[in-house]
Amino acid sequence: CHHCPHLPTRPYENSEKPCMLSEYMEQYPLYPTTLPRGSFKPKEAYKMAQISMEGISTTKRDYIAHEVLPWKLKPPEKHIKSDEIMDLTSTYKQDYNSYATSQVPPCLPFVTRHIPSAKMDTRTTYKDDYVLWNEPKTEPIRPNDRFHPSEEKFDHRTIVQDAYLYRGPVATQRCKPLNLVQKSKVPFENITNYRVNYVPHPLEKCYVHKHEKYKVNEVPFDGLTTHKVSYKGLAGEPAKLAKPYQPKLLHDLPFSSTTEFQEKYQAWPRPPVFTKKPDVYLPSMEKMDLHTTTQIHYKHPNGKPAKMCRYLAQLEESTEPFNSSSIMKEDYKPWLCKRLKPIFHAPELTFSAKPMDCLTTFQTHYVPHPLTTMKSYKPAWSGPKHHTLLDAKTTYTTSYTPKGIVRCLASYKDPPGYVFEGTDADGHNLYLPASKTQCLQVGH
């Protein structure tokens with residue numbers, strides 16, 4: 001309200017920023033702010049240990065590196081060529097031999113065709129156009145490293161059988177330290193602090209609250225509630241309707257049922273749709289032939305099914321007994337090992353012969369007591385309130401007096417009761433009152 005909305009009027013001090021001078025800034029100037037005091041809480045700085053750290057770890061101390069020797073590889077044995085001739089026969093050549101086959105006659109009926117007597121030229125277009133060139137055959141470019149199979153007889157032994165010899169079971173020694181705990185022979189004392197310090201006190205009798213007998217009220221029930229007693233309906237005028245009155249315009253002309261669209265856009269006349277009458281169906285007098293082309297041409301001749309030309313191999317039964325031995329059974333035989341018995345320690349506890357009572361310390365010492373009922377100190381009901389009417393007068397309605405709206409003097413072009421004195425460096429007009437007691441600063 002009292003802020004200067006104008007810019008400075010001096011041309012040499014003109015700027016786009018408005019003046020922030022106001023009545024509030026003159027009466028309430030800004031004071032220098034003080035910084036908050038520092039915290040007396042000690043800083044949590046990391047304290048390094050003054051002892052130098054040892055550069056040896058547990059792994060370096062316990063696990064010492066041993067000397068690793070290179071592996072000794074077994075030299076390969078020399079290959080000795082055998083004088084036996086390789087049998088190039090296979091199982092397929094022995095079992096499946098070729099036999100003379102006869103052509104199966106077709107099952108279709110014989111059809112007489114006209115065969116021309118002229119000789120057929122069996123030379124194709126491919127043979128006439130594509131003639132072979134007289135060039136030597138190109139040899140493949142590949143290294144001459146043919147595989148030469150070993151001529152020595154295979155001994156069926158592996159590297160594991162040659163390198164790793166069986167040396168029998170190894171008896172290991174236990175590395176577990178001995179239990180050197182010495183058992184005391186002094187008998188165990190079953191006295192505890194609870195048994196020594198706990199003193200049983202006699203139980204007091206529980207307070208039993210006596211309930212008062214219910215007395216029936218002799219005053220008859222009036223059926224009134226607090227709302228009905230305190231808030232009574234006052235006689236007032238009904239609310240008036242705030243809607244403005246709109247008089248109805250009555251015309252003598254009747255309402256027309258036609259619109260502008262119906263008058264201007266009328267339907268065009270449509271020609272009748274041409275429809276063709278269907279022909280009358282006349283059933284044929286001839287009988288229908290239900291035979292198909294397949295039934296006429298492909299008839300079932302009295303022939304036999306084709307026989308299978310494959311030779312059924314006959315297995316020859318051998319009279320020798322079956323040898324069930326193998327290299328696995330001969331080389332890997334089960335060991336005669338004895339099962340180690342588990343090591344059981346001697347029992348350290350001695351159990352008593354008396355039966356267990358299955359009672360805990362809580363069950364034996366903490367006996368349940370009857371519940372205590374607390375007395376209620378809530379005041380009794382004072383009865384219904386008086387039937388007095390609510391006063392509608394408040395402190396605000398009695399003490400508040402409405403005041404008129406005072407217009408700011410800076411909004412006037414020439415404030416009434418003030419005389420113009422001059423202009424300051426910021427471009428503000430200075431006015432003095434007629435009584436010369438105050439000075440008003442207005443920006444225009």
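The values are calculated or read from the model by the stated rules, or taken from the named source; none is laboratory data. Being a predicted model, the structure only gives us computed values, none of them experimental. Here the Cβ positions follow ideal geometry from the backbone for every residue, glycine too, while neighbour counts run over all protein chains shown. For accessibility, only protein heavy atoms count, side chains too; no ligands or nucleic acids. Shrake-Rupley method; radii C 1.70, N 1.55, O 1.52, S 1.80 Å.
Averaging 1/r over every pair of different alpha carbons in the range 119-190 and inverting the result gives a Kirkwood radius of 25.0 Å. Toward the positive end of the charge dipole of the range 62-135, about the Cα centre and with charges on Cβ (Lys, Arg +1; Asp, Glu -1), which of V131, V104, I64 goes farthest? The residue sitting farthest along the positive end of the dipole is V104. Summarised as an ellipsoid, the range 27-108 has semi-axes of 99, 45, 10 Å, derived from the eigenvalues of the Cα gyration tensor scaled by 5 and square-rooted, with the largest first. To put it simply, the accessible area of the range 95-182 at a 1.4 Å probe is 58 percent carbon and sulfur. Solvent-accessible surface (1.4 Å probe) assigned to R157 amounts to roughly 120 Å². Give me the extension gain from Q266 to I51: residue separation times 0.36 nm, minus the current Cα-Cα distance, reported in nm with one decimal. So the chain would gain 66.2 nm between Q266 and I51. Projecting the Cα atoms of Y198, P187, P169 onto the charge dipole of the range 144-222, computed from C-beta unit charges around the Cα centre, puts P187 farthest toward the positive end. Estimated at the nearest 10 Å², the accessible area of Y366 is 130 Å² with a 1.4 Å probe.
Working with all protein chains in place, sort Y418, Y332 by solvent-accessible area computed with a 1.4 Å probe, largest first.
Numbers: Y418 55, Y332 130 Å².
From most exposed to least exposed: Y332, Y418.
Cross-link partners for K153 among the aspartates and glutamates, with Cα-Cα distance under 16 Å and sequence neighbours closer than 8 places in the same chain left out: E77, D83, E84, D87. A 1.4 Å probe over all protein chains sorts K264, K205, K215 by accessible area into K205, K215, K264, starting with the largest. Between M120 and H227, the contour length at 0.36 nm per residue exceeds the alpha carbon distance by 25.7 nm.
Ordering E189, E26 by how much accessible area each has at a 1.4 Å probe, largest first, what is the list? Display every interim value, and only then the final one.
Numbers: E189 140, E26 110 Å².
From most exposed to least exposed: E189, E26.
Solvent-accessible surface (1.4 Å probe) assigned to M86 amounts to roughly 150 Å².
For the range 149-200, take the alpha-carbon Rg, divide it by the Kirkwood Rh, and send me Rg/Rh. Show your work: numbers first, answer last.
Working: Rg = 34.2 Å, Rh = 20.0 Å.
Checking Rg against Rh, the ratio lands at 1.71.
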